[in-house]
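The values are calculated or read from the model by the stated rules, or taken from the named source; none is laboratory data. Worth saying up front: this structure is predicted, and the values here are computed from it rather than measured. Counting neighbours? That spans all protein chains shown, and the Cβs are built from the backbone with ideal geometry, glycine included.
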Amino acid sequence: MHGGDGEFGDYQTLNIVAQDDGSIFMVGMHKSLAGFVGRDFVDLFLIENGSGNSVSITKVNAKHLFCDDGCDLDAAGGAYIDPAGRLYLYATTHDNDGPFGGAGCIVDCAGADCSVELAEFRPVPHADCGEIEDAWVELYSDHDFGGRSVIIDFVDRDLEDYSNFDHVEGFGDEASSARYCVPLHATAQLWQHGGCDGDVLELVSDGKFHNIPDLSSFSFGDKTSCFQWRGGPFARAGADRTVECTGSPTSVPLDGSASILLEGTALEYFWAGPGVTFSDPHAAQPIGSFPLGTSPITLTVSNSVSVDSDDVTITVGDSTGPTIACPSNLIVDATMPAGAVVNYPAPVASDGCGLASLVCAPVSASTFSVGITLVQCTASDLAGHRASCSFTVKVKSPAEQTADLIVKVNGLNNVTAATKNSLLVKLQAAQDHMVAGRQRGACGKLLDFINEVNAHRNKKQLTDAQAGDLIADATRIMAALGCS
């Protein structure tokens, strides 16, 4: 350990505290001279990594802890860092020599003679206060901020009975000086008598830090016996929030119950925001239905005295993309030389926050040419996320359809081989013409096939159903060839 003042004590308490930047400090309390009243000190050490596995502990500051009335803290205490990063020190002293008595032996005792005093050493407030929650008033028993003090934080306003200072740590009407900060639209009142009666002094409410070294120069002087906060109301819409989308719209609970009423009738609430609906806009805690994105919301509260408003921003985000599933691959027959008009089923797409678009290319009901065509589909949600899938559409050529028709003829039930052969000869000849690119010849052979089917139907060698099915296929193939 090393330090600039060369003084280290026999520390009665050591506390490890962390600064908001991550620095680690040790707070040690000690008494510099045994047997002397008012010689209590607190030392602050910075703890850092040294070389290897060593730790460097450097004394960076020291403060003298003392009370105006000469208290002896005996170096017992502790340290606390509040949420704002401010360091508070606490120390105790055996008041009235209790609970020790006689020659230093511990004895059973009760009452004031056995009391232990706790002293708080805190940062002296000096900053502005923009919100009522930051408001405070500190009253001192002596002029020029001397003697004991009572601090009245707004947030702790209900912890003591400030309507009668006899009930506040026995402070009574000792207030002789004051420090305070009270924001706009609030009022801090010092009253002459308990129960907040008699003359009243209203402290300046401008959000600035103020000192009054001598209260005797005001009205009833240093005889303050009661204190109360007045003003408002103060709307509190809650903290800004970001939530994940759960639907379109997304339900988000709102909470204005922290709004503050200090006087007047009960609070009335009204919530409003563009594009947002509320389960009950006049409730303290309604449910809002929010679209995707950022929505500014205003809470307005009112009572019989005044009106106040507060804004909150609700952001509905979407971190999950849509899902999409395409139909199975399709196979269709060409019905014209250009191919076939294909109506395919739409892909199935979904998104928890709603779809912005679902598109496929080529679109359904388009003309698909002979061969295999890839259909690409994309679903987009309102946040810009995308999901895609694809499938194929195969359009069979006239030659492929003729091959299918040959298979069908061979599979005819209750038809003689001779009948089948007479039909197959025509189809094979048509297929040969197609392969050779002779469209006219293929058309002629298909027409011969149709005539042959009709002849066999007339001879009862084919049923009407069989004949109709074969003729429909041949007619479709002729259309695909462009036969006139």
Problem set entry | The listed residue being closer than 29 Å to G371 by Cβ, more than 60 Å from the chain's Cα centre (by Cα) and not basic (K, R), out of T463, T416, T402 | T402
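Would you call D404 of a type in the set (D, E), outside the structural domain of P345 (by TED's automatic domain parsing), farther than 21 Å from P345 by Cβ and touching a residue at least 12 places away in the same chain (Cβ under 8 Å)? Even if it seems obvious, please write down each step before you answer.
Values: of a type in the set (D, E): yes; outside the structural domain of P345 (by TED's automatic domain parsing): yes; farther than 21 Å from P345 by Cβ: yes; touching a residue at least 12 places away in the same chain (Cβ under 8 Å): yes.
Taking the combined requirement at face value, the residue satisfies it.
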Problem set entry | Sole residue being β-branched (V, I, T) and either in contact (Cβ under 8 Å) with a residue 60 or more places away in the chain or part of a loop (DSSP other than H, G, I, E, B) (or both), chosen from V155, V137 | V137
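Assigned to a strand (DSSP E or B) and not assigned by TED's automatic domain parsing to the domain that holds G172: is that true of V200 in this structure? Spell out the reasoning first.
Details: assigned to a strand (DSSP E or B): yes; not assigned by TED's automatic domain parsing to the domain that holds G172: no.
No.
Taking the options D43, D74, name whichever one is closer than 30 Å to D142 by Cα, surrounded by 15 or more Cβ atoms within 10 Å (Cβ to Cβ) and modelled with pLDDT of 80 or more.
On the way: D74 fails: modelled with pLDDT of 80 or more.
Every option except D43 fails the conditions.
Just to be sure before I move on: is P337 assigned by TED's automatic domain parsing to the domain that holds V375, touching a helix residue (DSSP H, G or I) at 6+ places or on another chain (Cβ under 7 Å) and touching a residue at least 12 places away in the same chain (Cβ under 8 Å) in the structure I sent? Let's see the steps before the verdict.
Numbers: assigned by TED's automatic domain parsing to the domain that holds V375: yes; touching a helix residue (DSSP H, G or I) at 6+ places or on another chain (Cβ under 7 Å): yes; touching a residue at least 12 places away in the same chain (Cβ under 8 Å): yes.
So P337 fits the description; yes.
Kindly indicate whether I16 is of a type outside the set (F, W, Y), modelled with pLDDT of 85 or more, within 46 Å of the chain's Cα centre (by Cα) and surrounded by 14 or more Cβ atoms within 10 Å (Cβ to Cβ).
Details: of a type outside the set (F, W, Y): yes; modelled with pLDDT of 85 or more: yes; within 46 Å of the chain's Cα centre (by Cα): yes; surrounded by 14 or more Cβ atoms within 10 Å (Cβ to Cβ): no.
Criteria not met by I16.
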Exercise. Hey, any hits in the range 452-468 for a residue that's touching a helix residue (DSSP H, G or I) at 6+ places or on another chain (Cβ under 7 Å), outside the structural domain of T335 (by TED's automatic domain parsing) and not in a helix (DSSP H, G or I)?
Worked result: yes
For this session: Could you grab me the full set of residues in the range 291-306 that are surrounded by fewer than 17 Cβ atoms within 10 Å (Cβ to Cβ) and either at pLDDT below 90 or in a loop (DSSP other than H, G, I, E, B) (or both)?
Result: S304, V305, S306
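Here's the yes/no breakdown for (1) part of a strand (DSSP E or B); (2) surrounded by fewer than 13 Cβ atoms within 10 Å (Cβ to Cβ):
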position	(1), (2)
A346	no, yes
V359	yes, yes
I372	yes, yes
A387	yes, no
S390	yes, no
V393	yes, no
Exercise. When you go through A442, A479, A430 one by one, which is the residue that is assigned to a helix (DSSP H, G or I), under 19 Å from V370 (Cα atoms), touching a residue at least 60 places away in the same chain (Cβ under 8 Å) and among the small types (G, A, S)?
Worked result: A479
For this session: Just give me the residues in the range 398-414 being touching a helix residue (DSSP H, G or I) at 6+ places or on another chain (Cβ under 7 Å) and either outside any helix (DSSP H, G or I) or modelled with pLDDT under 95 (or both), in sequence order.
Result: L412
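Kindly evaluate F270 against the criterion of being in a strand (DSSP E or B) and outside the structural domain of W191 (by TED's automatic domain parsing). Don't jump to the end; show me each part of the working.
On the way: in a strand (DSSP E or B): yes; outside the structural domain of W191 (by TED's automatic domain parsing): yes.
Spelling it out, F270 is indeed in a strand (DSSP E or B) and outside the structural domain of W191 (by TED's automatic domain parsing).
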For this session: For residues that are at pLDDT 90 or above and loosely packed, with under 14 Cβ neighbours inside 10 Å, scanning just the range 215-245, find the one that is farthest from D142 (Cα to Cα).
Result: E244
For this session: Please enumerate the residues belonging to the range 413-423 that are hydrophobic (A, V, I, L, M, F, W, C) and buried (at least 17 other Cβ atoms within 10 Å of the Cβ).
Result: V415, L423
Exercise. Out of G256, G207, which single residue is crowded, with 16+ Cβ neighbours inside 10 Å, in a loop (DSSP other than H, G, I, E, B) and not assigned by TED's automatic domain parsing to the domain that holds D142?
Worked result: G256
